[in-house]
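Worksheet: the structure to be examined is printed underneath.
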Amino acid sequence: MKPSFMLNTGLYDFSYTHGKSSVIEKGDDRDYYTVIQMVLPTSVADIDEGNYHVEYKGDTIQVSLEVIKGSYADPLYRKMKEFPLGTSGAPLESLPYEAFSDNQGKYPAYLFQVTYPYRIAEWLNDDEIDHDEMQVITSGHRREKVLALIVLNKAFTKWKIDDVFSNIKYDHVSNYSEKYYRKNGNLLVLVKYNMLTSNEAYKKSIYKYFLPNIDINEITGMSSAFSRNGNAKIENEEGLVDVVSKAINDVFKHYVESRRWVEPFWDGERKITHEDNVIIIPRKPKNETKIQPTIFVILEIILSKLGVSVTRESDEGIGLLDFKCTFTTNNNMALSVPIEFKVAHHDNLRHGIEQQLPAYLNALKSTHGIFAVMWFKDSKSEYFRKPNCDLDGFSKSLHKKCKEVENKLSIILRPIIIDASIKVSASKM
C-alpha cells in the first residue's frame, strides 16, 4: 500500500560527518585549527575577493572571500547534493540540493571561509554563551556556526556593509561545513557538513521551490484574514467544505487568476536541434502529476492556519485520492472532505465526476466533496487549444454534470474552476 503524504515542515538540523569525531578529541584545542565554510548570494553586497583578518577574543581570525560562478566551484553543493531530501513515497521525494541551499542554486555566489587557530567543535566544548553570541542566536544553536557568524559580522562592519549582510542572524544561514585540521603536519582529520540548521529552513525552501515568485507572507496573511472565524463554522461536513472551498477561491484561485501566478503550472518554451535544424517546442501545461505537488503545498499553507490537515495521495482502498482535508470539531467529531483535482483537457473528465469522486466519498463515508479543475485554454487559443469549448461553456457544463450526479447519488459536489491560462498583460490591453 502506497503511503499517503503529509508535508513535514518540521525537518530541521542534520549533519553528515566524514571521519570519526574521536580523532579530534585528542590533545588541546590549540593543536588544531578549524575552517567554517558558508555560501551566500552575491546580489546584496560588493566585496572584493581576498583574505582578511578580524580580531576576536585575543585571536586573529582569517576570513577569506571567493566569488564562485557555478555549482562546480561550490564545495557545499558538491557534497550536499548527495543528501536525500524530501519525503518518502511522494512526489516531493529527492528534491535537488539547490532548493535548500542558502543561495537557492543561483550563481555567482560568495564562498566565505572563516579559519580559527583552534578547535571549536561543539560536541567537545560546552562553554557558556556570551553577549556577542546572543546577537546572532534565536532558539537552539550550534556553537561553531555562532562563532563563524560573529566573525563575519565583525568583518562586514569592517567592510562597512550596510545591506543584508550587516548583523547577520543565526537563522539567515542554513548550511555550512566544518573542517578540522591538525596543526602538526597540516592534516585534515574530520569534515562535518551541516544542513537546515535554521528553524524554518526546510519549510521556507519547500515554499520557494514549489511556489516561485509568490509572496508567502501575503498568502498566509490572506489566509489568516478568514481563519480567525473559520473554525467556528466547522461543525459538520458542510462547514468543512465551505471553509475549504472559500480558502481555495479566496487565496489560491485569486493568486492564479487575479495575480496571474501561472508559471508553476506551465512547461516553458524550449529549443531542440534535430538533424541540424532548430525546432521550437511550444510551452504547454504540465500534467497533473507535476501540478499537484505545487497545489498541495499551497493548500497546506492556506488550510493549516484553519486547523485543517491536508493529505496528498491518500490511499482509501479504492485508489489514491488527490487530496483529503480532515478536521476534528470541538465535539471530537472527525470530518473528511475529498478533493479531486483535474485539468480541463483531461481525456475523461466525466469519469472523475461520475465515478471517482463519488467512490472516494463512499469510502470516506462522507457526503460532501470538491471537484477542482484547472483551465489552460486562452480566449484566442494562441497558447493552448484544449478542450474544444470556451471557458463559459465549460463552466456551465461542469456545474450541470455535478448537479446531475448530486441528484442521482444524494451527495454534494462543489465544482471549482481555476483559470491558469496565459493572458495578455494589462499594459497591452
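Could you please find all residues in region 191-229 being assigned to a loop (DSSP other than H, G, I, E, B) and either closer than 17 Å to E300 by Cα or open to solvent by 10 Å² or more (accessible area, probe 1.4 Å) (or both)?
N199, E200, L211, P212, N213, I214, D215, R228, N229
Of the residues in region 179-190, how many are in a strand (DSSP E or B) and touching a residue at least 12 places away in the same chain (Cβ under 8 Å)?
Residues of region 179-190 that are in a strand (DSSP E or B), as a first pass: 179-182, 187-190.
This time we only want the ones that are touching a residue at least 12 places away in the same chain (Cβ under 8 Å), so: 179-182, 189-190.
So the answer is 6.
Does any residue of region 51-66 turn out to be among the small types (G, A, S), part of a loop (DSSP other than H, G, I, E, B), at pLDDT 85 or above and open to solvent by less than 30 Å² (accessible area, probe 1.4 Å)? Before you say what the answer is, go through the steps one by one.
Step one: of region 51-66, the residues among the small types (G, A, S) are 58, 64.
Narrowing further to those that are part of a loop (DSSP other than H, G, I, E, B): 58.
With the extra rule that they be at pLDDT 85 or above, the set shrinks to 58.
Within this subset, residues satisfying the condition of being open to solvent by less than 30 Å² (accessible area, probe 1.4 Å) are none.
So far as region 51-66 goes, no, none of its residues is among the small types (G, A, S), part of a loop (DSSP other than H, G, I, E, B), at pLDDT 85 or above and open to solvent by less than 30 Å² (accessible area, probe 1.4 Å).
When the residues of region 159-190 are filtered to those that are under 15 Å from Y110 (Cα atoms) and open to solvent by less than 40 Å² (accessible area, probe 1.4 Å), which remaining residue is modelled with the lowest pLDDT?
Per the criteria, the residue is I161.
Among the residues of region 327-340, is any of a type in the set (F, W, Y) and under 20 Å from K253 (Cα atoms)? So that I can check it myself, show each step before the final result.
Step one: filter region 327-340 for residues of a type in the set (F, W, Y), giving 327.
From what's left, under 20 Å from K253 (Cα atoms): none.
No - not one qualifying residue is present in region 327-340.
For the structure I just gave you, tell me whether F323 is free of Cβ contacts under 8 Å to residues at least 40 places away in the same chain, in contact with a strand residue (DSSP E or B) (Cβ under 8 Å, 6 or more places away or on another chain) and buried (at least 23 other Cβ atoms within 10 Å of the Cβ). Talk me through it step by step, then tell me what you get.
On the way: free of Cβ contacts under 8 Å to residues at least 40 places away in the same chain: yes; in contact with a strand residue (DSSP E or B) (Cβ under 8 Å, 6 or more places away or on another chain): yes; buried (at least 23 other Cβ atoms within 10 Å of the Cβ): yes.
The answer is yes for F323.
I'm trying to understand the selection: among the residues of region 146-158, which are closer than 22 Å to I24 by Cβ and either modelled with pLDDT under 60 or touching a strand residue (DSSP E or B) at 6+ places or on another chain (Cβ under 6 Å) (or both)?
Across region 146-158, the qualifying residues are A148, V151.
What residue, of L413, L357, is closer than 30 Å to E235 by Cβ, assigned to a helix (DSSP H, G or I) and open to solvent by less than 60 Å² (accessible area, probe 1.4 Å)? Reasoning before the result, please.
Values: L413 fails: assigned to a helix (DSSP H, G or I).
Criteria check complete, one pass: L357.
Is at least one residue of region 6-14 surrounded by 11 or more Cβ atoms within 10 Å (Cβ to Cβ), within 26 Å of the chain's Cα centre (by Cα), within 23 Å of N199 (Cα to Cα) and modelled with pLDDT of 85 or more?
Quick first cut of region 6-14, residues surrounded by 11 or more Cβ atoms within 10 Å (Cβ to Cβ) only: 6-9, 11-14.
If we keep only those that are within 26 Å of the chain's Cα centre (by Cα) too, we end up with 6-9, 11-14.
Remaining after also requiring within 23 Å of N199 (Cα to Cα): 6-9, 11-14.
This time we only want the ones that are modelled with pLDDT of 85 or more, so: none.
Looking through region 6-14, none of the residues is surrounded by 11 or more Cβ atoms within 10 Å (Cβ to Cβ), within 26 Å of the chain's Cα centre (by Cα), within 23 Å of N199 (Cα to Cα) and modelled with pLDDT of 85 or more.
Among the residues of region 295-308, what is the count of those that are open to solvent by 10 Å² or more (accessible area, probe 1.4 Å) and either closer than 16 Å to K203 by Cα or assigned to a helix (DSSP H, G or I) (or both)?
As a first pass, look at region 295-308 and keep what is open to solvent by 10 Å² or more (accessible area, probe 1.4 Å): 300, 304-305, 307.
Then drop every residue that is not either closer than 16 Å to K203 by Cα or assigned to a helix (DSSP H, G or I) (or both), which leaves 300, 304-305.
Residues flagged as open to solvent by 10 Å² or more (accessible area, probe 1.4 Å) and either closer than 16 Å to K203 by Cα or assigned to a helix (DSSP H, G or I) (or both) within region 295-308 amount to 3.
Give region 24-50 a look and list any residue that's open to solvent by 90 Å² or more (accessible area, probe 1.4 Å) and either assigned to a helix (DSSP H, G or I) or in contact with a helix residue (DSSP H, G or I) (Cβ under 8 Å, 6 or more places away or on another chain) (or both), or say none.
Taking region 24-50 first, the residues open to solvent by 90 Å² or more (accessible area, probe 1.4 Å) are 25-26, 30, 43, 46, 48-49.
Passing the criteria: E25, R30.
The values are calculated or read from the model by the stated rules, or taken from the named source; none is laboratory data. Here the structure is a predicted model, which means the values were calculated and not measured. Quick reminder, even Gly has a Cβ in these numbers, built from the backbone with ideal geometry, and neighbours come from all protein chains shown. The area values use the complete protein model at the heavy-atom level, side chains included, leaving out ligands, DNA and RNA. Shrake-Rupley method; radii C 1.70, N 1.55, O 1.52, S 1.80 Å.
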